[in-house]
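Please read the structure below before turning to the comments.
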């Protein structure tokens, strides 16, 4: 290895190629694609480089903000083609008082702040992540100390001598940096230049995650569940884009002095369950239960509108992952539940804005069967007490309604449970015959938390992957097959007719 000291007094001894190498390393001449931005993953607790497109967006935004020039590729292939109408601070294309476009990264989950120092969550709160700009890396894209990177940039820009650091050329694109009292390091650029094509898959599936009991004042819990699901499903190597949005409803519910009694809580569960799970008591109250459903609908519609604004042209499907009580709330919203009654009522009211895209309800660790059984008992009791007029159209019972949803609804129910979960019940027992498709899915539990384990289970990720793969299949594939078979039969029939001998 040839060691050449790159001090201000020694640059005259460098060859033309070495001088070119030094010029390419200088900070003022770095291309946007050579810089790599990184973030600290909150789950893995380590710094991770952004994907190529995200890093280019951050570097272009940073240079516009500081007034630094863009290289040809960054300007023509990235900024001019895709970003010039974003009205970013420092851009020459800012029109009037047009507000800057929100800059989203990490598949659209986070928004970049103005100073490019941190990213903030787009669909939840209290999850700010620091981001850093890195210009030089160690072997294997190992991150270097920011102060060391700064000293490297200063030296390459000015040639200023530093008594504590020696710089030696190692190869065409590598330096050997020796700090006083430390081992030498090989310094280079990031191994892969950032490219606009290096991005996340196009989003084709949106899933809302609705929490159950015990989330009052704890929004982070459902956010962590959402992150676990997103990471777990992606770990299986699914190519299509799946997007998860947490729905935290508990903090928005206020009793405001309301005291439940028999008039508003006719479907109350037993005393001990109500005592242990206050959220169950609240949901069984007709007044508060309706308020909870309306809050969940409002949050879902708001997040869906926000998602559509950020992902214009979305033509994918929507699903709901309801855990525990959240599965009951989600089912009731999708079936317009408003208390146990004998008569059909006007169902006009708050609706979800994505019902036409809704394809699957995952009831996970769900007590839905217990709720339906209790409602069925109440329905039978009402029917026995009241005089029924045959001229009035009666409403189907809760069990009959579930069977109707199973047999004719545009969305399917997948009930995920495991045997050690005391809250989870099977749902197929509600359907005695005519099972249209499988409902219950037993998963294995390698954890010790019977009711909270689902976001950590590989079996759950696999079931969700099967759903995503299923809805990715062409919707009219079966119709095309039937048409093709009928066409062949028609051709065969025609052939038999023209070849049949005349009698």
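Only the coordinates and a few stated rules stand behind these numbers; no lab work does. Quick caveat, the model's predicted, so the values are computed rather than measured. Don't worry about glycine lacking a Cβ; one is built from the backbone with ideal geometry, like all the others, and counts go over all protein chains shown.
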Original post:
Using a simple spin-label model with points 7 Å from Cα along the Cα→Cβ vector, what separation in nm is obtained for residue 350 and residue 411?
Top reply: 1.5 nm
Original post:
How do 395, 146 rank when sorted from fewest to most other Cβ atoms within 10 Å of their own Cβ?
Top reply: 146, 395
Original post:
Roughly how many nanometres apart are two label points built 7 Å out from the Cα toward the Cβ at residue 84 and residue 426?
Top reply: 6.4 nm
**OP:** Report the label-to-label distance for residue 254 and residue 306 in nanometres (one decimal), using points 7 Å from each Cα along the Cα→Cβ vector.
**Re:** 2.1 nm
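Give the order of 248, 258, 211 when sorted by the count of other beta carbons within 10 angstrom, beginning with the fewest. All intermediate terms of the calculation are to be shown ahead of the outcome.
On the way: 248 21, 258 13, 211 26.
Result, fewest neighbours first: 258, 248, 211.
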**OP:** Rank these for me by crowding, 333, 57, going from fewest to most other beta carbons within 10 Å.
**Re:** 333, 57
Original post:
How big is the gap, in Å, between the Cα center of the stretch 425-465 and the Cα center of the stretch 289-329?
Top reply: 22 Å
